[in-house]
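Structure record follows, encoded as structure tokens.
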Amino acid sequence: MKAIVNPIEYAKTAVAAYASLYGSDLVSVILYGSAAGGDFNPEKSDINLLIVLSSMDPELIAKSAGLQEKFARRRFSRPLFMDKEYIANSYDSYPMEFLDMKEWHRVLFGEDILMSVAPATEHLRLQVERELKGKWLHLVQEFTVARKNRKRLLHLARLSLKSFSPVFRALLKLKAADIPADKKELFAAVESSCSIAGRPLQNIEQSCMAGNTPELEPRFISYVKAIKRIIDTIENK
């Protein structure tokens, strides 16, 4: 498939199809993630849609099965289906995910449902701490095996950086810091806000971009230690 030069215009084809299918049951369609203004890669990034319906009735959602399959072949992720009630009762349970959507979103149809999303700071802090600790524990455990195979270690580094990125954005929001769209600037901002010296996040990202380099293992170890220091800044807040 050729590059998606304008993801917003590209997404409108799907919006029109869902609007035609659902009619008055469609409350809004929101484009979120990198395609709505983040670090979008025209060659690789997917299109993410939040579809808000009149209710979360399983049969109503399943009505669009054919459209979901059709647009999955055109680099659209499976849509998130919600209704107003679910959003109103859930953003304090999943503050990080909802705030991440709110940070990068574009309304393509109907109401701007995400504008009302405002989780309590304490709920966000608890989720950020939980996510950081869980991902860090996994990182430490996987390193024991992955260090024996540099290709596997590189794969682990790439996957973990991708999974930490939304947590880092939430962390910056907690610290009332600017949230860059570019990944390199994101890692630098986290290092700055948490007083992490030596550029460990930026260095491991550079190794991920360069491939299997001699610096990979020591940089990975510094990266793991940096995550622990970031966790400490949350615990001691």
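Do we find that residue 45 is in a loop (DSSP other than H, G, I, E, B) and more than 16 Å from residue 102 (Cα to Cα) in this structure? Against the criterion (in a loop (DSSP other than H, G, I, E, B) and more than 16 Å from residue 102 (Cα to Cα)), residue 45 qualifies. A single member of 157, 170 is assigned by TED's automatic domain parsing to the domain that holds residue 189, crowded, with 16+ Cβ neighbours inside 10 Å and over 13 Å from residue 230 (Cα atoms), and it is 157.
Considering only residues of region 29-55 that are polar (S, T, N, Q) and within 21 Å of the chain's Cα centre (by Cα), which is surrounded by the fewest Cβ atoms within 10 Å (Cβ to Cβ)?
Initially, region 29-55 is screened for residues polar (S, T, N, Q), giving 34, 41, 45, 48, 54-55.
Then drop every residue that is not within 21 Å of the chain's Cα centre (by Cα), which leaves 34, 41, 45, 48.
Details: 34: 17, 41: 11, 45: 18, 48: 22.
Selected residue: 41.
Within region 23-42, the residues that satisfy the criterion of being within 15 Å of residue 84 (Cβ to Cβ) and not in a strand (DSSP E or B) are 24, 25.
Quick check, is residue 122 without any contact (Cβ under 8 Å) to a residue 24 or more places away in the chain and not β-branched (Val, Ile, Thr)? In short, yes. In region 79-100 there is at least one residue that is touching a residue at least 60 places away in the same chain (Cβ under 8 Å), within 24 Å of residue 57 (Cβ to Cβ) and either aromatic (Phe, Trp, Tyr) or in a helix (DSSP H, G or I) (or both). Look at region 156-178: where a residue is on the phi > 0 side of the Ramachandran plot, no partner that is among the β-branched types (Val, Ile, Thr) and surrounded by fewer than 15 Cβ atoms within 10 Å (Cβ to Cβ) sits 6+ places away or on another chain with Cβ atoms under 8 Å. Within region 178-214, being farther than 15 Å from residue 132 by Cβ, small (Gly, Ala, Ser) and surrounded by 14 or more Cβ atoms within 10 Å (Cβ to Cβ) holds for 181, 188, 189, 207.
For (1) in contact with a helix residue (DSSP H, G or I) (Cβ under 7 Å, 6 or more places away or on another chain); (2) among the charged types (D, E, K, R); (3) assigned by TED's automatic domain parsing to the domain that holds residue 170, each residue gets a yes or a no:
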site	(1), (2), (3)
89	no, no, no
95	yes, no, no
108	yes, no, no
139	yes, no, yes
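Taken over region 62-73, the criterion of being part of a helix (DSSP H, G or I) and surrounded by fewer than 16 Cβ atoms within 10 Å (Cβ to Cβ) is satisfied by 62, 65, 66, 69, 70, 72.
Residue 181 fulfils the conditions (1) touching a residue at least 40 places away in the same chain (Cβ under 8 Å); (2) on the phi > 0 side of the Ramachandran plot; (3) small (Gly, Ala, Ser); (4) in contact with an Asp or Glu (Cβ under 9 Å, 6 or more places away or on another chain) except for a single criterion, (2).
The values are calculated or read from the model by the stated rules, or taken from the named source; none is laboratory data. Quick caveat, the model's predicted, so the values are computed rather than measured. Every residue, glycine among them, receives a Cβ derived from its backbone with ideal geometry; neighbour counts consider all protein chains shown.
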